[in-house]
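Enquirer: Quick one: the structure is below, and I'll ask about it shortly.
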Amino acid sequence: MSVLAVRQLSKAFGGVRAVNDVSFAIGAGEFLAMIGPNGAGKSTCFNMINGQLAPDSGAILLGDRNIAGMAPRAIWRLGVGRTFQVAATFASMTVVENVQMALLSYAGDLYRLWRPAAALHRARALELLAQVGMQDAADRPSRELAYGDVKRVELAIALANEPRLLLMDEPTAGMAPRERNDLIKLVKQLVLERGISVLFTEHSMDVVFSFADRIIVLARGRLIADGNAAAIRENTQVREVYFGTGKTFADGTSQGAAP
């Protein structure tokens, strides 16, 4: 059974069909990349899955439950984590307090804030920080972190609701090549260890073709290809509408980017 099944999803803005009859599924523990040229409909599709936009038609099945049109918070509580293209933390809090806030919310402890919160879920927060390599920075103010470390803390926060599905919007945006490869290796390790399914958009083609189990390609709101890296490299339509007339990643190197 698929962890997530998107069926005939559509969304229009005025007379423009941003997403047009898109269907795909994600299996348990699968690392699925969604790519496409600028204006392909990636962000619109991604935001409908996350609940930030309601679809005009279609279904988004999380297991056997249709989450289409549900609020992001409700979807989060069903076990869908999310990271964002521009990572941010509460700068006035320490690293561990940022993770504790997510754990407090997931546990419903925000309704009992008259209790001292400093010790609540601290042990679990430290465990999550250890998993992303940030435990040693637990008591540092978040404002002191380098951007790559903020991305790691954001990942720890995204794991606070014990997700079965993790949505990552350009997880390596703004990172140096070594940092982005290290981060994706970490995510892939967590996927394998926890059996989490991941859907991610990404502009870095070296990341996509090196790490994705499967790749789906959107163009002008439609899904035009679905397959592993080798199949996507050899797909004529993908080369025409996305990679142009340049090289087709046959050697696994980056020749282009999807904004």
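The values are calculated or read from the model by the stated rules, or taken from the named source; none is laboratory data. Because the structure is predicted, anything quoted here is derived from the model rather than measured. A quick note on method: Cβ atoms are made from the backbone with ideal geometry, for glycine too, and the neighbour counts reach across all protein chains shown.
Enquirer: Among the residues of the range 188-211, which ones are within 20 Å of Ser2 (Cα to Cα), at pLDDT 90 or above and of a type in the set (Val, Ile, Thr)?
Expert: Selection gives Ile196, Val198, Thr201.
Enquirer: Okay, moving on. Let me confirm something: among Met48, Met70, Met1, which residue is in contact (Cβ under 8 Å) with a residue 24 or more places away in the chain and farther than 17 Å from Ile216 by Cα? First the steps, then the outcome.
Expert: Details: Met48 fails: farther than 17 Å from Ile216 by Cα; Met70 fails: in contact (Cβ under 8 Å) with a residue 24 or more places away in the chain.
Only one candidate qualifies: Met1.
Enquirer: Another one. Out of the residues in the range 19-49 meeting the condition of being more than 16 Å from the chain's Cα centre (by Cα) and crowded, with 23+ Cβ neighbours inside 10 Å, tell me which one is farthest from Gly227 (Cα to Cα).
Expert: By that ranking, first place goes to Val19.
Enquirer: Another question about this same structure. Can Ser197 be described as within 16 Å of the chain's Cα centre (by Cα), of a type in the set (S, T, N, Q) and within 19 Å of Ala229 (Cβ to Cβ)?
Expert: Considered against the rule, which asks whether it is within 16 Å of the chain's Cα centre (by Cα), of a type in the set (S, T, N, Q) and within 19 Å of Ala229 (Cβ to Cβ), Ser197 comes out as yes.
Enquirer: Sticking with this structure for a sec: Kindly list, by first and then second residue, each pair from a residue in the range 217-228 that is within 22 Å of Gly27 (Cβ to Cβ) to a residue that is part of a strand (DSSP E or B) and of a type in the set (Ser, Thr, Tyr), limited to pairs with Cβ atoms under 8 Å and residues at least 6 apart or on different chains.
Expert: From the range 217-228, the pairs are Leu223/Ser23.
Enquirer: Ala28: of a type in the set (A, V, I, L, M) and either at pLDDT below 95 or assigned to a loop (DSSP other than H, G, I, E, B) (or both), yes or no?
Expert: Considered against the rule, which asks whether it is of a type in the set (A, V, I, L, M) and either at pLDDT below 95 or assigned to a loop (DSSP other than H, G, I, E, B) (or both), Ala28 comes out as yes.
Enquirer: Another one. Given Ala91, Ala12, which one is farther than 30 Å from Arg239 by Cβ and among the aliphatic types (A, V, I, L, M)?
Expert: Ala91
Enquirer: In this structure, does Leu223 turn out to be within 16 Å of the chain's Cα centre (by Cα) and either part of a helix (DSSP H, G or I) or crowded, with 17+ Cβ neighbours inside 10 Å (or both)?
Expert: Spelling it out, it is not the case that Leu223 is within 16 Å of the chain's Cα centre (by Cα) and either part of a helix (DSSP H, G or I) or crowded, with 17+ Cβ neighbours inside 10 Å (or both).
Enquirer: Scan the range 159-176 and tell me whether some residue there is assigned by TED's automatic domain parsing to the domain that holds Ile49, within 13 Å of the chain's Cα centre (by Cα), within 15 Å of Val132 (Cβ to Cβ) and of a type in the set (S, T, N, Q).
Expert: Within the range 159-176, one or more residues are assigned by TED's automatic domain parsing to the domain that holds Ile49, within 13 Å of the chain's Cα centre (by Cα), within 15 Å of Val132 (Cβ to Cβ) and of a type in the set (S, T, N, Q).
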